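Q: The structure follows.
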Amino acid sequence: MSRMIELIQGGGVTSPRGFLAGGTYAGIKTAEDGAMDLAILVSEQLASVGGVFTQNKVVSPSVILSRERVAKDALRGVVVNSGCANCCVGGQGLDDAKEMAALAARHVECSEDDILVCSTGMIGVELPMALIRQHVSNIKLSKDGGSRFAKAIMTTDTRSKEVAVSIDIG
């Protein structure tokens, strides 16, 4: 008898067929050995999407933008940064979230409306868009780039967290 849910050894965000990821250090966080702070996860074609978002009344423009885009049901990917939450920064935050999505979309050659944005880190600080503009093209997307992606979303974590499972749905 086969198991319905099976752990994929060494699996992560690129375990599903058609997903690529990568990350780089852009200088958003303090430099340390092997630091990453900017990453992209992308599907090679439109993929079904769902989202779970904070219930807090104070939300970042990145959350607002991503909530709107998840309503499309099918997207291509997500661009993430750590070190700056893009929260409590006024109207500039939404402009920056939209630009970050557009930069990632150009890099992966898709519509900017097909990219979600996630930002984590310090609150009350604007995204350092000059650094993001400069470094987003340094993200090398690959099937084995999931670990770089996982590392780039870390804030206070002491280690990256990755897991993938295979589910038999008949």
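The values are calculated or read from the model by the stated rules, or taken from the named source; none is laboratory data. Note that the coordinates shown come from a computational prediction; the quantities given were computed from them, not determined experimentally. We place every Cβ from the backbone using ideal geometry, glycine too, and count neighbours over all the protein chains shown. Ligands, DNA and RNA are excluded from the accessible area calculation, which covers all protein heavy atoms including side chains. Shrake-Rupley method; radii C 1.70, N 1.55, O 1.52, S 1.80 Å.
Q: Among the residues in segment 16-31, are any closer than 14 Å to Leu141 by Cα and touching a His at 6+ places or on another chain (Cβ under 6 Å)?
A: Yes; the residues of segment 16-31 include at least one that is closer than 14 Å to Leu141 by Cα and touching a His at 6+ places or on another chain (Cβ under 6 Å).
Q: Out of segment 135-170, which residues are in a loop (DSSP other than H, G, I, E, B), in contact (Cβ under 8 Å) with a residue 40 or more places away in the chain, open to solvent by less than 60 Å² (accessible area, probe 1.4 Å) and farther than 10 Å from Gly22 by Cβ?
A: Kept after step one, since they are in a loop (DSSP other than H, G, I, E, B), are these residues of segment 135-170: 139-141, 143-145, 153-164, 168-170.
Now restrict to residues that are in contact (Cβ under 8 Å) with a residue 40 or more places away in the chain: 139-141, 143-145, 153-155, 162-164, 168.
With the extra rule that they be open to solvent by less than 60 Å² (accessible area, probe 1.4 Å), the set shrinks to 139, 141, 145, 154, 164.
Those that are in a loop (DSSP other than H, G, I, E, B), in contact (Cβ under 8 Å) with a residue 40 or more places away in the chain, open to solvent by less than 60 Å² (accessible area, probe 1.4 Å) and farther than 10 Å from Gly22 by Cβ: Met154, Ala164.
Q: Condition first: at pLDDT 95 or above and of a type outside the set (S, T, N, Q). Now tell me which residues in segment 18-35 satisfy that. Before you say what the answer is, go through the steps one by one.
A: The first filter runs over segment 18-35 and keeps only residues at pLDDT 95 or above, leaving 18-28.
Gly18, Phe19, Leu20, Ala21, Gly22, Gly23, Tyr25, Ala26, Gly27, Ile28, listed by residue number.
Q: Right, next: Note down all Cβ pairs under 7 Å where the first residue falls in segment 66-86 and is of a type in the set (Asp, Glu), the second is surrounded by 15 or more Cβ atoms within 10 Å (Cβ to Cβ), and they're at least six residues apart or on different chains.
A: So the pair list comes out as Asp73/Val49.
Q: What are the pairs with Cβ atoms under 7 angstrom where one residue, in segment 101-124, is more than 14 Å from Asp37 (Cβ to Cβ) and the other, located anywhere, is assigned to a helix (DSSP H, G or I) and open to solvent by 50 Å² or more (accessible area, probe 1.4 Å)? Sequence gap at least six, or different chains.
A: Ala101/Glu112; Ala102/Glu112; Leu103/Arg133; Ala105/Glu112; His107/Ser137
Q: Looking at segment 56-76, can you tell me whether even one residue there is among the acidic types (Asp, Glu) and modelled with pLDDT of 95 or more?
A: Yes, there is a match, as at least one residue in segment 56-76 is among the acidic types (Asp, Glu) and modelled with pLDDT of 95 or more.
Q: Of the numbered conditions (1) under 23 Å from Ser147 (Cα atoms); (2) over 15 Å from the mean Cα position of the chain (by Cα); (3) not in a loop (DSSP other than H, G, I, E, B), Glu68 fails exactly one; give the number of that condition.
A: All conditions pass for Glu68, except number (1).
Q: Of everything in segment 77-96, what is surrounded by fewer than 22 Cβ atoms within 10 Å (Cβ to Cβ) and of a type in the set (D, E, K, R)? Give them in sequence order.
A: Of everything in segment 77-96, just one residue is surrounded by fewer than 22 Cβ atoms within 10 Å (Cβ to Cβ) and of a type in the set (D, E, K, R), namely Asp95.
Q: Name, by its number, the condition in (1) aliphatic (A, V, I, L, M); (2) out of contact with any strand residue (DSSP E or B) (no Cβ under 9 Å at 6 or more places or on another chain); (3) under 19 Å from Val78 (Cα atoms) that does not hold for Ala31.
A: (3)
Q: Can you give me the number of residues within segment 3-28 that are of a type in the set (S, T, N, Q), open to solvent by 90 Å² or more (accessible area, probe 1.4 Å) and not in a loop (DSSP other than H, G, I, E, B)? Working first, answer last.
A: Of all residues in segment 3-28, those of a type in the set (S, T, N, Q) come to 9, 14-15, 24.
Checking the rest, the ones that are also open to solvent by 90 Å² or more (accessible area, probe 1.4 Å) come to 9.
Subsequent filtering for residues that are not in a loop (DSSP other than H, G, I, E, B) retains none.
Going through segment 3-28 one residue at a time, the tally reaches 0.
Q: Kindly indicate the residue of segment 29-67 that is in contact with a Leu (Cβ under 6 Å, 6 or more places away or on another chain) and of a type in the set (Val, Ile, Thr) and also surrounded by the fewest Cβ atoms within 10 Å (Cβ to Cβ) among those meeting that condition.
A: Let us first name the residues in segment 29-67 that are in contact with a Leu (Cβ under 6 Å, 6 or more places away or on another chain), namely 42, 49, 61, 66.
Checking the rest, the ones that are also of a type in the set (Val, Ile, Thr) come to 42, 49.
Details: Val42: 28, Val49: 19.
The residue in question is Val49.
Q: So, one more: Hey, does segment 68-76 have a residue that's among the small types (Gly, Ala, Ser) and surrounded by 16 or more Cβ atoms within 10 Å (Cβ to Cβ)?
A: No.
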